[in-house]
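Bear in mind these aren't lab numbers, they're just calculated from the coordinates by the rules spelled out. In this text, all values refer to a predicted model and were calculated from it rather than measured experimentally. Quick reminder, even Gly has a Cβ in these numbers, built from the backbone with ideal geometry, and neighbours come from all protein chains shown.
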Amino acid sequence: MPNEVIFPLAGKRVWVAGHRGMVGSAISRRLERENCEMIVAGRDVVDLLRQDAVEKFMEREKPDAIFFAAAKVGGILANDTRPADFIYDNLVIETNIINSAYRSGVSKLLFLGSSCIYPKFAPQPITEDALLTGPLEPTNEWYAIAKIAGIKLAQAFRKQYGADFISAMPTNLYGQGDNYDLNSSHVMPALIRKAHEAKLAGADSITIWGTGTPRREFLNADDCADACVFLMKTYSDFEHVNVGSGEDVTILELAQMVCKVVGFEGEIITDASKPDGTPRKLMSAEKLEAVGWRPSTDLSTGIRGAYNAFLAGEMSLRPTP
Ligand code: GFB
């Protein structure tokens, strides 16, 4: 039975590290259906960058399971301009959580990585075994190195101590609770904001970064959360698992879809002075499909949902300086 539940969550103490982020909050929402006991701790309770604080927190709370969604994340420009933050924060958070999870007897941990761990020119669709087979995309190699280290930490604790630590590699995610700051966001929230503000201003055009030709695969954060819960309950193995939608679009096609949903009818201009990043990163969904999971939200429906969430939270948007 590929999708047999080997680790039921009902009755367990579960900590979602990073519960305020887009993925962490989606996992927390999804866990409401699992009848587990949620441990909730913000930065005021435990600073994940401090080893001592994480160890004490873990000893005190003794979670049975951890969804490791805490990370320093950002879009292509943030990654490219703040390499030290992206490599240092992520490495420190990973070593702190994974080591103390093992020391305090956590039964299961799911580490979340990113599709940027794969080589820039990996054969498409990218299978899990493409990891460490070639050079990384330079705009995000710092973040990618940290995420590869996270996978390796989980594997090392499994190999040396038999810890049931697994890893999931989500593709580009979007949805409720995204970051709409244009300097640090990913492409989806940026396009939603740009199209919306252009519509309100009666502008003739929006400008997108790069050439518009790179291809990206998008997955709704709620689908990603569902996959994470599925893997936590059913998967226990050394190798990480791709979590994607199995389909990709060009950035120009994505911009056209977003403009349609938002109702902006002006021109889409490309700005080739901004980086394109990796030309394509479509992950193979075969492994996850083989164990019985598929996403349920198509891209158009997902963009509509994200735009509605954007409209609902619009007043609290952080300004783009
Ligand atoms: O989503 P994004 O920032 O990250 O950009 P990556 C994807 C593509 O969209 C790039 C283009 O080709 C961008 O040039 N793009 C067009 C824009 N307009 C915009 C815009 O207004 N804002 C943004 N942000 N992009 C990230 C990595 O790579 O993906 C991270 O840097 C992580 O490490 C994440 O892996 C999932 O897909 O290029």
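Here are some notes:
- Selection from SER245, ALA225, GLY302 lying farthest towards where the dipole of segment 216-320 points positive, charges on Cβ: ALA225
- In the chain, the longest principal axis of the Cα atoms and the axis of helix 299-312 are about 90 degrees apart.
- Potential extension, THR95-ALA312 segment - 0.36 nm per residue separation minus Cα distance: 74.5 nm
- Remark: for residue pairs LYS233/LYS281; LYS56/LYS233; LYS233/LYS287; LYS12/LYS287; LYS120/LYS159, the C-alpha separation exceeds 24 Å in LYS233/LYS281; LYS56/LYS233; LYS12/LYS287; LYS120/LYS159.
- Label reach from VAL40 (point 7 Å along Cα→C-beta): in segment 225-259, amide nitrogens under 20 Å belong to 225-226, 229.
- Furthest towards positive pole of dipole, PHE7, LEU136, VAL54, structure part the chain, Cβ charges: VAL54
- Residues with amide H under 5 Å from that of ARG215, placed H, sequence gap 5 or more: ARG280, LYS281
- Under 10 Å, Cβ to Cβ, from MET283 - net charge with Lys/Arg +1 and Asp/Glu -1: -2
- Each residue of segment 18-29 was assigned a 3J(HN,Hα) from its phi angle through the Karplus expression (A = 6.51, B = -1.76, C = 1.60, θ = phi - 60°), giving x, 5, 8, x, 4, 6, x, 6, 5, 5, 4, 4 Hz with x at Gly and Pro.
- Prolate/oblate/rounded call for segment 1-86, Cα gyration tensor, a/c under 1.5 rounded: oblate
- Residues SER25, SER296, SER107, sorted so that the one with the fewest Cβ neighbours within 10 Å comes first: SER296, SER107, SER25
- Close amide-amide hydrogen proximity is noted between SER284 and ILE126, THR127, each under 5 Å apart and 5 or more residues distant or on a separate chain (H modeled in the peptide plane; Pro and chain starts excluded).
- Proxy reagent accessibility, fewest Cβ within 10 Å first, across SER273, SER284: SER273, SER284
- Global form of the chain, assessed from the alpha-carbon gyration tensor, a/c cut-off 1.5: prolate
- Angle between the chain longest axis and helix 251-262 axis [Cα atoms, degrees, rounded to 10]: 80
- Phi angles across segment 286-295 convert, under the Karplus curve 6.51 cos²θ - 1.76 cosθ + 1.60 with θ = phi - 60°, into 3J(HN,Hα) values of 4, 5, 5, 5, 5, 8, x, 10, 9, x Hz, Gly and Pro given as x.
- You can think of it this way: the chain between ASP85 and THR213 has 43.2 nm of extra reach, that is 0.36 nm per residue less the Cα-Cα gap.
- Spatial separation of Cα centroids for segment 147-214 and segment 51-74, in angstrom: 22
- Estimated dipole of the chain in Debye, rounded to 20 [Cβ of Lys and Arg +1, of Asp and Glu -1, Cα centre]: 520
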